[in-house]
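For reference, the structure discussed in these notes is given below.
The values are calculated or read from the model by the stated rules, or taken from the named source; none is laboratory data. What you are looking at is a predicted structure, and each value in this text was computed from that prediction instead of being measured. Positions of Cβ are backbone-derived with ideal geometry, glycine not excepted, and every protein chain shown enters the neighbour counts. Just the protein is used for accessible areas: all its heavy atoms, side chains included, with ligands, DNA and RNA removed. Shrake-Rupley method; radii C 1.70, N 1.55, O 1.52, S 1.80 Å.
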Amino acid sequence: MRLTGLELVRVGLPLVSPFRTSLGVETSRDVLLLRAVLADGSQGESEGWAECIAPDDPFYSPDYVAGSAQVIERYLAPMLFAAERLDPASIAPALARVRGHRAAKAALETAVLDAWLRRHEMSLAAYLGADRPRVPCGVSVGIMDTVPELLDSVGRYVEEGYVRIKLKIEPGWDLEPVRAVRQRFGDIPLQVDANAAYTLADTAHLARLDHFELLMLEQPLPEQDLIGHADLATRIRTPICLDESIVDAATAAAAIRLRSCSVVNIKPGRVGGFLEARRVHDVCRASGVPVWCGGMLETGIGRAANLALAALPGFTFPGDTSASRRYYDVDLTDPFELRDGTIDVPVGPGIGVEPLPTVLHRLLTGRSWLTC
Ligand code: SMG
Ligand code: MG
């Protein structure tokens, strides 16, 4: 199969409520979607969709949405247009000359993979080796102005049935909100995420989190600091999970060897695509390290694909794969709903969903069409 066309589609979606982390506040998303068209000689064409996880600004990682769009238009798409025979395994090698830009590469690989799977009438979940029809879901709760506001928010999510709560923390917003949530909600599965807001000088302070029996402390230190995380891990009891630090299967292997973490958050868009995400899963599983699926406030397009990954056997912790209404009043796809703390893994070919044309049309902010 060949890639014959690629459309970059931009949509603007307001979030239902601001999402504050140690990196800043998100109130809306400027989403880049890709629509890939593959041609298969006499067999005709097939189409595939993907969402790029890059946020507006390069604060979480070097990726940002305008940069991802540009590197796709200028470098990545032409590289794939030039490929004679595309199959899923050939995409990442065809893009390897470009360094980094993992969010852009992941989106492009996913759009082509979706088209390829639709052509072969296979779901992404089946292709990846998923073994469950639905997955337990957690929710990530942003930093709030006050503890009572946080408790209201957590209370609503607990009532909706989320099976674990993740609190965003930063210096000045850590022990107090965690203590308050523990006091109010007892021994619910609870974890925290710092987005690299601490340093090793905060070790004694972070050790005070041990008292709260958290499932894990996610990315306390800067992303490159695997040794620092390993040192921290010997000084605190709370298990360390890495997110930003793990950019491919090789860094996962290094982090495990160094004992920098005992849990890994996997986001396909952070590691360059679903095939690399599966390799991260395989490396972790072979070492007995549990993984879970992270989130980047995806619309239904990105969420559908993440749910397929989250159904692999090594994903033993609930993911940040929340229902559509946690993010958006109107999602780009039919909404994903929480049922008994779980969300169904899409079963249709490819990622199993497509943007709803009327919603897409209403929220559209730009589109450009590239051909070989
Ligand atoms: O998709 O529910 C979601 C968001 C989950 O907390 C979440 N993501 O570091 O894990 C993380 C953050 C990154 C997003 S901040 C832009
Ligand atoms: Mg994180």
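Descriptive notes on the structure:
- Selection from Val247, His361, Ala308 lying farthest towards where the dipole of the range 238-372 points positive, charges on Cβ: Val247
- Counting 0.36 nm for each residue step from Glu45 to Gln70 and taking away their Cα separation leaves a gain of 6.4 nm.
- Selected from Glu159, Glu213, Glu337 as most flexible by GNM, with the chain as the system and alpha-carbon contacts under 10 Å: Glu159
- The calculated 222 nm mean residue ellipticity attributable to helices in the chain amounts to -9500 deg cm²/dmol, summing -39500 (n - 2.57) over DSSP H runs of n ≥ 4 and dividing by all residues.
- With all protein chains modelled, accessible area of Leu360 [1.4 Å, Å²]: 20 Å²
- Full extension of the chain segment joining Glu213 with Ala254 gains 12.1 nm, where the gain is 0.36 nm per residue of separation less the Cα-Cα distance.
- Summarising the label geometry, the points placed 7 Å from Cα in the beta-carbon direction at Thr316 and Asp344 lie 2.9 nm from one another.
- Shape summary: the range 123-162 maps onto an equivalent ellipsoid whose semi-axes, from the alpha-carbon gyration tensor, are 33, 11, 5 Å in decreasing order.
- Helix 274-286 and the longest principal axis of the Cα set of the chain meet at an angle near 40°.
- Label zone (Leu200, point 7 Å along Cα-to-C-beta; backbone nitrogen cut-off 16 Å) within the range 241-273: 258-261.
- Overall, the range 126-344 carries a charge dipole of about 620 debye about its Cα centre when +1 sits on the Cβ of Lys and Arg and -1 on the Cβ of Asp and Glu, all other atoms neutral.
- Acute angle (nearest 10 degrees) that the helix 300-310 long axis makes with the longest principal axis of the chain, alpha-carbon atoms: 70 degrees
- By definition, a body whose alpha carbon gyration tensor gives a ≥ b ≥ c is prolate when a/c is 1.5 or more and a/b is larger than b/c, and the chain fits this prolate description.
- Share of carbon and sulfur in the accessible heavy-atom surface of the range 126-344 [1.4 Å probe, %]: 50 percent
- Extension gain, Arg325-Arg2: 0.36 nm per intervening residue step, less the Cα-Cα distance, totals 112.6 nm.
- Along the axis of the charge dipole computed for the range 126-344 (Cβ charges of +1 for Lys and Arg, -1 for Asp and Glu, origin at the Cα centre), the listed residues Ser260, His211, Gly186 are led at the positive end by Ser260.
- Cut-off 19 Å (backbone N to label point 7 Å along Cα→Cβ of Cys372), residues of the range 60-94: 72-94
- Here, P(r) means the percent of Cα pairs in each 10 Å bin from 0 to the largest distance; for the range 50-149 it is 13, 34, 29, 17, 5, 1.
- The range 197-314 shape via C-alpha gyration tensor axes, a/c threshold 1.5: prolate
- Two-site FRET efficiency, Ser17 against Asp334, from Cβ-Cβ distance with R₀ of 22 Å, rounded to 0.05: 0.50
- Among His101, His211, the sequence by solvent-accessible area, most first, with a 1.4 Å probe is His211, His101.
- Extent along the principal axes, Cα only, for the range 147-234: 40, 20, 19 Å, with the longest axis given first.
- Convex hull volume of the Cα atoms of the range 126-344, normalised per residue: 112 Å³.
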